[in-house]
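Presented below is the structure to which this report refers.
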Amino acid sequence: MVVKVTPLCLLYWLLISTWWLMVSTSGMVLIPLTHSLSKTQFTTPHHLLKTTSTRSATRFRHHLHHRHKQVSVPLSPGSDYTLSFTLGSPSSSTISLYLDTGSDLVWLPCSPFECILCESKTPPLSPPLNLSSSATAVPCKSSACSAAHSSLHSSDLCAIARCPLDSIEMSECNSFPCPPFYYAYGDGSLIGRLYKDSLTLPNSLSVQNFTFGCSHTTLGEPVGVAGFGFGRLSLPAQLSSVSPQLGNRFSYCLVSHSFDSNRVRRPSPLILGRYEDKESQFGNELVEFVYTGMLSNPKHPYFYSVGLEGISVGNRNIPAPENLKRVDRRGSGGMVVDSGTTFTMLPASLYDSVATEFDHRVGRFYKRANTVEESTGLSPCYFYNKVDAAKVPAITLHFAGNGSRVVLPRKNYFYEFIDGGDGVREKRNVGCLMLMNGGDEEELSGGPGATLGNYQQQGFEVVYDLEKRKVGFARRKCSSLWDSLKN
């Protein structure tokens, strides 16, 4: 048999070979994450903390409004860290989206764009996208269309798209686009259409036929989202279909900032794939990962859930309730490792035990700052003398599996700032515990039992190994890691 190689086929194989060469030689893609606070004016600490704590609670408690409707709703989109890439060829547009490990769809505002009830929301990070000439609508017969419509059968979707019956039976509906889809978050929603176009990452790596949602109308969602959760439409999943070594593992290392305006402007590395750790290789930093297995969630399959065994305050270990150690068939329980929630949310029983033990150890030395607690949404808070650094106990998270424990740095759970000094109240040093009450276990039925917020993940490289289904944590100097990988 003689195989005829046409110039077009030769060009195709050259492109594919070039792609694999680029992937195999680099082994990873490095993307800078930008904290959204770096783009906004800093307000008073009280206002900043109140806004952030309220947003964390809203994102965590999203499913309480939907638990009687038997629907699976992602977390409200994260609003802390953003990443950028370009879409389209030959004319391209740079898009900035929120990184969100709690959802599984990449979508962005498209021109013309209307956001309903967005007056108090963060303004768009980039102009609404004008689709390039290379963008094509995803057909109704595709698996991507089915995924966007909660796995509705493609024949039903093509019927909705008005593809004739004989064409449906003959699988000849490629000219009929996927119908508009509805996607709901906890505190907003959108209607969009699926398109494919070339996506170019910051290192000039191009992914052809990347599927994304294009929305002209949203409710309370002015900024697009890059979903990194489980699901075939997420960014890692689409990378994995082209290069498993890029899509089956990703990590980020959030620079420790404590809301400091200078630190928060430093880029945090988002790493797709594996990399050679230069810092560990040369002995500049001892890096030891602690791993815990991912839990499957039948109702919320896009979550990265892990089991939490308990929390230590000083030398006292407080066991976690049983629902945090596993996920049941209704999707209740487990702790979600989340890039988009700022503060860690705990069920009421565990939070109360931790806060009580913390107060027992700290309240003996310092006066409770009740007015600060009311104005920030955080508790307990204390006034203290700056000359003597506040004496606070260590906090350790105990995850399921092989004694996996993560000791949190002090600044990851105890925030210190200046209260007063405004001519009305005297200037005083104050510190607050940065863990929050997520609600009673009964209220949390049907959703996550707890969420590990990104504030508590600062100064750690957090690895999501999708192939081995585990999450890892290692203390890192994230700015140094960025410099090491960038050079």
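The values are calculated or read from the model by the stated rules, or taken from the named source; none is laboratory data. As the structure is a prediction and not an experimental result, all values here were calculated from the model. No Cβ is skipped: glycine too gets one built from the backbone with ideal geometry, and neighbour counts run over all protein chains shown. Areas reflect the complete protein model, heavy atoms only, side chains present, ligands, DNA and RNA absent. Shrake-Rupley method; radii C 1.70, N 1.55, O 1.52, S 1.80 Å.
I need the calculated FRET efficiency for the pair Arg329 and Ser92, taking r as the beta carbon distance and R₀ as 56 Å, to the nearest 0.05.
Once the sixth-power term is evaluated, E becomes 0.80.
How many nm separate the modelled label positions at Arg361 and Asn209, each set 7 Å beyond the Cα in the direction of the Cβ?
5.5
Please report, for the Cα atoms of the stretch 276-486, the Rg to one decimal and the Dmax as a whole number; what are they, in angstrom?
18.5, 57
Check each of the chymotrypsin sites (Phe, Trp or Tyr not before Pro) in the stretch 352-452 and keep only those in coil by DSSP with at most 16 other C-beta atoms within 10 angstrom; list them in order.
Hits after loop and neighbour filter: Phe365.
With a cut-off of at most 13 other beta carbons within 10 Å, and DSSP calling the residue loop, which trypsin sites (Lys or Arg not before Pro) in the stretch 381-446 qualify? Please list them.
Passing both the DSSP loop test and the Cβ count: Lys386, Lys391, Arg425, Lys427.
Can you list which of the trypsin sites (Lys or Arg not before Pro) found in the stretch 142-215 are DSSP loop residues with at most 15 other C-beta atoms within 10 Å?
Arg162
Probe of 1.4 angstrom, ligands and nucleic acids ignored: what's the accessible area per residue over the stretch 99-178, in square angstrom?
Value for the stretch 99-178: 53 Å² per residue.
When the gyration tensor of the stretch 204-261 is built from Cα positions, what are the square roots of 5 times its three eigenvalues, in whole Å, from largest to smallest?
Value: 24, 21, 11 Å, ordered largest first.
Please work out the FRET efficiency for the pair Ser171 and Glu322, using the Cβ-Cβ distance as r and a Förster radius of 45 Å; give the result to the nearest 0.05.
Computed FRET efficiency for Ser171 and Glu322 comes out at 0.40.
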